[in-house]
Structure formats: structure tokens, C-alpha cells
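Notes to accompany the following structure.
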Amino acid sequence: VVPVGVSSALPKTESIALLVEKNPNMLAATFDIPPGTESAVTPRIKMGQSSNVYALVKADGKFHVASKEIKVTLGGCGG
């Protein structure tokens with residue numbers, strides 16, 4: 001289980017989705033962002049191995065994506 005954080009400064013952010021490239025089910029989480037609220041989420045997602053994680057943000061009817069490689073170590077202690 002890996003803690004991640006995503007925030008959006010885009011106006012009219014409607015939703016945020018997290019996708020993990022190497023997970024059997026790529027979609028790890030989705031969040032609807034109510035109008036007038038801060039568009040930031042900090043979930044913990046399950047990852048079986050190191051992988052690219054994509055943040056998909058829908059804002060003003062358009063989709064935006066960012067990615068980051070997250071390394072998962074065996075045992076969680078660098079071993």
C-alpha cells in the first residue's frame with residue numbers, strides 16, 4: 001500500500017482518477033470534486049510492483065494527465 005497525493009490548480013476541476021500501469025485493474029481510485037472545494041486527494045493505493053502511476057484530471061470538460069514512476073521495494077524497507 002503506497003501513499004500518493006494529487007492536486008489540481010486547474011479551474012473547474014470536476015474529477016481526479018488514479019491509474020496504475022502494471023496493476024491487473026489499472027483504475028486504482030476515482031474522486032468527484034464538488035464545485036468550490038479544494039481539488040486535492042491523498043489516498044493510499046495498492047501496488048504489487050514498481051510502476052508508472054497516472055493522475056487523470058477532468059477540468060472544464062477537458063482531460064489532463066500527469067505521470068510519475070513509483071518504485072515499490074520488497075518488504076517496504078529497501079530490501
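The values are calculated or read from the model by the stated rules, or taken from the named source; none is laboratory data. All figures in this text were calculated on a predicted structure; none of them were measured in a lab. Note: ideal-geometry Cβ built from the backbone for every residue, glycine included; neighbour counts use all protein chains shown. Heads up: the accessible areas ignore ligands, DNA and RNA and are worked out on the full protein's heavy atoms, side chains in. Shrake-Rupley method; radii C 1.70, N 1.55, O 1.52, S 1.80 Å.
Taking region 31-52, which residues are open to solvent by 20 Å² or more (accessible area, probe 1.4 Å) and of a type in the set (Gly, Ala, Ser)?
If the condition is that a residue be open to solvent by 20 Å² or more (accessible area, probe 1.4 Å) and of a type in the set (Gly, Ala, Ser), then Gly36, Ala40, Gly48, Ser50 are the ones that fit.
Got a sec? Which of Ala28, Ala55, Ala9, Ala59 is exposed (fewer than 11 other Cβ atoms within 10 Å of the Cβ) and either in contact with a Pro (Cβ under 6 Å, 6 or more places away or on another chain) or among the aliphatic types (A, V, I, L, M) (or both)?
On the way: Ala28 fails: exposed (fewer than 11 other Cβ atoms within 10 Å of the Cβ); Ala55 fails: exposed (fewer than 11 other Cβ atoms within 10 Å of the Cβ); Ala59 fails: exposed (fewer than 11 other Cβ atoms within 10 Å of the Cβ).
That would be Ala9, the only listed residue that is exposed (fewer than 11 other Cβ atoms within 10 Å of the Cβ) and either in contact with a Pro (Cβ under 6 Å, 6 or more places away or on another chain) or among the aliphatic types (A, V, I, L, M) (or both).
If you check Lys22 against the conditions, is it touching a residue at least 12 places away in the same chain (Cβ under 8 Å), on the phi > 0 side of the Ramachandran plot and surrounded by 12 or more Cβ atoms within 10 Å (Cβ to Cβ)?
Considered against the rule, which asks whether it is touching a residue at least 12 places away in the same chain (Cβ under 8 Å), on the phi > 0 side of the Ramachandran plot and surrounded by 12 or more Cβ atoms within 10 Å (Cβ to Cβ), Lys22 comes out as no.
Please indicate, with yes or no, whether at least one residue in region 33-55 is of a type in the set (Gly, Ala, Ser) and touching a residue at least 40 places away in the same chain (Cβ under 8 Å).
Taking region 33-55 first, the residues of a type in the set (Gly, Ala, Ser) are 36, 39-40, 48, 50-51, 55.
Checking which are touching a residue at least 40 places away in the same chain (Cβ under 8 Å) leaves us with 55.
Yes: region 33-55 contains one or more residues that are of a type in the set (Gly, Ala, Ser) and touching a residue at least 40 places away in the same chain (Cβ under 8 Å).
So Glu14 fits all but one of (1) open to solvent by 40 Å² or more (accessible area, probe 1.4 Å); (2) in contact with a Ser or Thr (Cβ under 6 Å, 6 or more places away or on another chain); (3) in contact (Cβ under 8 Å) with a residue 24 or more places away in the chain; what number is the exception?
Against the list (1) open to solvent by 40 Å² or more (accessible area, probe 1.4 Å); (2) in contact with a Ser or Thr (Cβ under 6 Å, 6 or more places away or on another chain); (3) in contact (Cβ under 8 Å) with a residue 24 or more places away in the chain, Glu14 comes up short only on (2).
So in region 18-71, with the set limited to residues that are of a type in the set (D, E, K, R) and in a loop (DSSP other than H, G, I, E, B), which one is farthest from Gly5 (Cα to Cα)?
In the first step, residues of region 18-71 are kept if they are of a type in the set (D, E, K, R); the result is 21-22, 32, 38, 44, 46, 58, 60, 62, 68-69, 71.
Restricting the remaining residues to those that are in a loop (DSSP other than H, G, I, E, B) gives 21-22, 38, 46, 60, 71.
Working: Glu21: 17, Lys22: 19, Glu38: 13, Lys46: 14, Asp60: 21, Lys71: 15 Å.
That would be Asp60.
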